[in-house]
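Shown next, in structure tokens, is the structure this report addresses.
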Amino acid sequence: MTVQPLNSYRSGPDERGHFGMFGGRFVAETLMPVILEVEKAYAAAKDDPAFQAEMDGYLAHYVGRPSPLYYAERLTERLREGAGGKGAKIYLKREELNHTGSHKVNNVLGQILLARRMGKKRIIAETGAGQHGVATATLCARFGLECVIYMGAVDVERQKPNVFRMQMLGATVVPVQSGSRTLKDAMNEALRDWVTNVATTYYCIGTVAGPHPYPGMVRDFQAVIGKETREQILAAEGRLPDSLVACIGGGSNAMGLFYPFLDDKDVEIYGVEAAGHGLASGQHAASLTGGRPGVLHGNRTYLLMDDDGQIAEAHSISAGLDYPGIGPEHAFLHETGRVTYISATDKEALEAFMLLSKLEGIIPALEPAHALAKVVELAPQKPQDHIMVVNLSGRGDKDVPQVADILGGQF
Amino acid sequence: MSRIDRRFAACRAEGRAALVTFVTAGDPDADTSLAILKALPRAGADLIEIGMPFTDPMADGPAIQLSSQRALKGGQTLKKTLDMVRALRAGEADTPVILMGYYNPIYIYGVERFLKDAREAGVDGLIVVDLPPEEDDELCVPALKAGLSFIRLATPTTDDARLPAVLANTSGFVYYVSITGITGSATPDFGAVAQSVARIKAHTNLPVVVGFGVKTGEHAAAIARGADGVVVGSALVEAVRASLDGEGRATAGTLAAVEALVGELAAGVRSAAKATAA
Ligand SMILES: Cc1ncc(COP(=O)(O)O)c(C=O)c1O
């Protein structure tokens with residue numbers, strides 16, 4: 001049995017779904033019974049060794065876990081140039097090597113196995129970059145479940161390769177035309193579907209947001225990232241890392257990496273939000289840096305909004321980060337100061353996208369390119385014996401047409 | 001007795017159900033919206049629900065989504081909505097006014113300040129879609145303390161085990177959502193609705209009103225036979241939309257379109273006078 005310290009950062013959520021003042025269950029009455037049902041089903045599954053064994057089997061043989069922890073030697077050396085003898089040693093947690101190309105599949109596997117236990121035959125999901133949609137469509141194909149994916153019309157355009165993938169996997173992709181036509185609106189539309197088809201349908205949320213129990217449940221499914229990282233770095237270096245860096249849309253790849261390290265107080269933790277055209281421009285998706293606490297999509301958290309409480313449209317080059325909110329546990333970790341939240345602009349992310357491609361032969365997704373952009377800044381300030389782990393949450397294949405377009409073919 | 005209680009008692013005395021009309025504050029513009037609100041009682045509305053527009057109305061269908069967008073585009077804010085209620089109240093002492101919407105704008109306005117301002121403006125009750133009983137501490141309990149009714153939605157998924165929790169802090173009336181779905185979608189199965197209303201009435205003495213999917217006088221009459229009230233929203237904001245000009249502005253026909261539909265619905269409700277009332 002693991003005993004958690006009294007002042008643990010890992011004790012949330014409480015039984016009402018709160019992380020400090022954040023989280024909760026702010027949903028329409030029609031959905032409350034099914035949300036309580038999901039909570040109960042997850043609590044039972046969590047304590048069932050058979051569920052864990054089933055998960056482990058698919059994680060190993062279908063997803064391809066564990067994902068490697070890779071020492072990025074050329075990136076490390078490049079960032080040491082001109083750093084005056086400094087420059088952290090950089091490791092990449094290779095979530096982009098998972099089946100379907102990102103960390104999203106870890107969570108989807110858990111939720112689809114749960115939906116099966118609940119007897120639900122129809123799965124719905126929202127998606128931004130399309131990675132969560134692809135992972136959901138994939139597991140629905142694997143288990144013979146009906147699958148409907150809601151995706152903002154703007155994102156359908158900029159992440160075309162993933163739209164085709166979802167369709168080939170047998171999913172119906174519904175382009176959402178309401179509001180800003182991005183991830184937030186896709187989530188509204190998924191909730192509207194769920195209210196309508198609640199008896200048959202399971203809503204597979206793609207990040208650590210939404211009503212309780214989703215934020216904690218999705219974190220638990222993603223925590224495999226941090227658990228593996230711990231073992232792998234101990235094997236490689238004989239000690240824990242000095243810092244962790246991950247990008248944040250809703251915050252699932254970040255929570256997955258961070259969670260197992262939250263009580264290791266010597267490990268510095270950095271979450272990177274999308275600064276879009278720059279924080280001062282007002283066109284960004286940095287809810288912790290530029291927003292304030294409010295209530296949306298089932299939880300209280302930091303949100304971008306105006307003085308009347310109307311939700312603002314986020315902006316990011318990356319469809320997966322283009323969301324005006326953030327998971328409630330991040331809001332809590334921000335207020336307690338345990339995690340430092342910073343941001344990277346569209347331009348910085350693009351530069352990091354190219355840098356990793358050229359130096360390591362790994363084309364990252366635009367989302368983790370935001371994390372890499374801050375590694376470029378942070379690593380040269382740290383001593384050479386500083387070990388920094390970055391979550392490479394997804395591969396960039398889906399972004400190739402968009403980046404080629406932006407750079408005009410000049411790479 | 002609150003204004004809401006008095007109004008239901010009066011309708012009961014007439015042997016009929018109440019007509020509850022929903023329109024969005026500020027749709028299509030502030031002046032027209034106030035004119036519509038003032039016209040509703042004259043046209044036959046017994047209670048007025050005023051939608052507080054929100055950018056992300058997760059439980060609403062396209063008709064109410066679009067009406068919220070029109071209102072927000074015209075600069076509607078929660079403060080302006082409260083001002084509108086005050087202006088309505090100046091000439092309308094008896095018709096209950098219920099504000100309906102989502103929690104975030106209220107949370108940002110500040111719960112205590114909102115409750116005080118709403119009460120002073122003449123608001124009688126609140127319906128907040130994304131506040132289930134599990135979140136009663138947020139607004140429901142403070143609202144009841146401030147003397148406002150907190151009206152809860154009961155739905156087809158609210159089973160007998162859960163009903164007591166839903167009814168516990170409800171006051172004024174219970175709003176039964178006739179379908180599992182969003183506003184403005186399918187027309188309900190009237191027989192099933194009557195059964196559900198009877199089921200809820202076995203748990204409470206509060207009036208039970210039914211909404212979602214009621215579009216015509218005929219629908220209203222069908223629901224009114226078993227329920228204490230009928231709510232119509234999407235059909236009214238759709239009538240507003242259909243009356244606008246090519247640029248989305250109100251026309252001479254806007255007010256008349258709303259009045260005509262309310263008249264039809266009121267006649268429907270009255271045609272279903274309860275046999276038991278004589
Ligand atoms: C590769 C990748 N990384 C990160 C994200 C952002 O989501 P989260 O913050 O939940 O990890 C996405 C979302 O689409 C993604 O596709």
### Query
Of the numbered conditions (1) touching a residue at least 60 places away in the same chain (Cβ under 8 Å); (2) open to solvent by 30 Å² or more (accessible area, probe 1.4 Å), A:Tyr70 satisfies every one except a single condition; which is it?
(1)
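A quick yes/no check of all residues on (1) open to solvent by less than 50 Å² (accessible area, probe 1.4 Å); (2) free of Cβ contacts under 8 Å to residues at least 60 places away in the same chain:
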{"residue": "B:Thr187", "(1), (2)": "no, yes"}
{"residue": "B:Phe190", "(1), (2)": "no, yes"}
{"residue": "B:Lys215", "(1), (2)": "no, yes"}
{"residue": "B:Val232", "(1), (2)": "yes, no"}
{"residue": "B:Val240", "(1), (2)": "yes, no"}
{"residue": "B:Arg249", "(1), (2)": "no, no"}
{"residue": "B:Glu264", "(1), (2)": "no, yes"}
{"residue": "B:Ser271", "(1), (2)": "no, yes"}
### Query
Of the residues that sit in the stretch B:141-181 and are within 14 Å of chain A (Cβ to nearest Cβ) and part of a strand (DSSP E or B), which one is surrounded by the fewest Cβ atoms within 10 Å (Cβ to Cβ)?
B:Phe150
### Query
Just for helices (runs of 4 or more DSSP H) wholly inside the stretch B:1-104: which have at least 1 residues that are over 18 Å from B:Thr254 (Cα atoms)?
B:3-13, B:62-73, B:78-90
### Query
Restricting the stretch A:297-314 to residues that are in a strand (DSSP E or B) and among the polar types (S, T, N, Q), which is farthest from A:Phe26 (Cα to Cα)?
A:Thr301
### Message
Looking at the structure I just gave you, is A:Thr76 closer than 18 Å to A:Leu372 by Cα, among the β-branched types (Val, Ile, Thr) and away from chain B (no Cβ under 14 Å)?
### Response
yes
### Summary
So the strands (runs of 3 or more DSSP E) completely within the stretch A:185-284 holding 3 or more residues that are within 16 Å of the ligand (Cβ to nearest atom) are A:243-247, A:268-276
### Query
What are the residues in the stretch A:314-343 that are in contact with a Leu (Cβ under 8 Å, 6 or more places away or on another chain), of a type outside the set (A, V, I, L, M) and open to solvent by 10 Å² or more (accessible area, probe 1.4 Å), if any?
A:Gly320, A:Tyr323, A:His334, A:Arg338, A:Tyr341, A:Ser343
### Query
Does A:Ala190 qualify as being open to solvent by less than 40 Å² (accessible area, probe 1.4 Å), more than 9 Å from chain B (Cβ to nearest Cβ) and closer than 15 Å to A:Val27 by Cβ?
yes
### Task
Quick one: count up the residues across the stretch A:77-118 that are crowded, with 21+ Cβ neighbours inside 10 Å, at negative phi and away from the ligand (no atom under 16 Å from the Cβ).
8
### Summary
Picked from the stretch B:55-68 (must be in contact with a Gly (Cβ under 8 Å, 6 or more places away or on another chain) and at the interface with chain A (Cβ under 7 Å from one of its Cβ atoms)), the residue surrounded by the fewest Cβ atoms within 10 Å (Cβ to Cβ) is B:Asp56
### Task
With respect to A:Gln381, determine if the residue is away from chain B (no Cβ under 14 Å), surrounded by fewer than 24 Cβ atoms within 10 Å (Cβ to Cβ) and modelled with pLDDT of 95 or more.
yes
### Task
Working only within the stretch A:297-314, note down all residues that are facing chain B (nearest Cβ under 7 Å) and small (Gly, Ala, Ser).
A:Gly309
### Query
Only one of A:Thr229, A:Thr207, A:Thr201 is within 30 Å of B:Ala63 (Cα to Cα) and under 18 Å from the mean Cα position of the chain (by Cα); which?
A:Thr207
### Breaking point among (1) more than 9 Å from chain A (Cβ to nearest Cβ); (2) closer than 21 Å to B:Leu126 by Cα, for B:Ala198
(2)
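Rundown of residues vs (1) open to solvent by 10 Å² or more (accessible area, probe 1.4 Å); (2) under 16 Å from B:Thr170 (Cβ atoms); (3) within 11 Å of chain A (Cβ to nearest Cβ), yes/no style:
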{"position": "B:Ala90", "(1), (2), (3)": "yes, no, no"}
{"position": "B:Ala93", "(1), (2), (3)": "yes, no, no"}
{"position": "B:Val97", "(1), (2), (3)": "no, no, no"}
{"position": "B:Gly101", "(1), (2), (3)": "no, no, yes"}
{"position": "B:Asn104", "(1), (2), (3)": "no, no, yes"}
{"position": "B:Tyr109", "(1), (2), (3)": "yes, no, yes"}
{"position": "B:Ala121", "(1), (2), (3)": "no, no, no"}
{"position": "B:Pro132", "(1), (2), (3)": "no, yes, yes"}
{"position": "B:Asp137", "(1), (2), (3)": "yes, yes, yes"}
### Task
Tell me which residues, restricted to the stretch A:285-296, are within 14 Å of chain B (Cβ to nearest Cβ) and in a helix (DSSP H, G or I).
A:Ser287
#### Entry: Residues being of a type in the set (Lys, Arg) and either within 17 Å of A:Gly256 (Cβ to Cβ) or touching a strand residue (DSSP E or B) at 6+ places or on another chain (Cβ under 8 Å) (or both) - total across the stretch A:388-410
1
### Summary
Those residues of the stretch A:22-56 that are of a type in the set (Phe, Trp, Tyr) and within 14 Å of chain B (Cβ to nearest Cβ) come to a total of 2
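The values are calculated or read from the model by the stated rules, or taken from the named source; none is laboratory data. None of these values were measured; they are calculated from a predicted model. Glycine also receives a Cβ, built like all others from the backbone with ideal geometry; neighbour counts cover every protein chain displayed. Heavy atoms of the whole protein, side chains included, go into the accessibility calculation; ligands, DNA and RNA do not. Shrake-Rupley method; radii C 1.70, N 1.55, O 1.52, S 1.80 Å.
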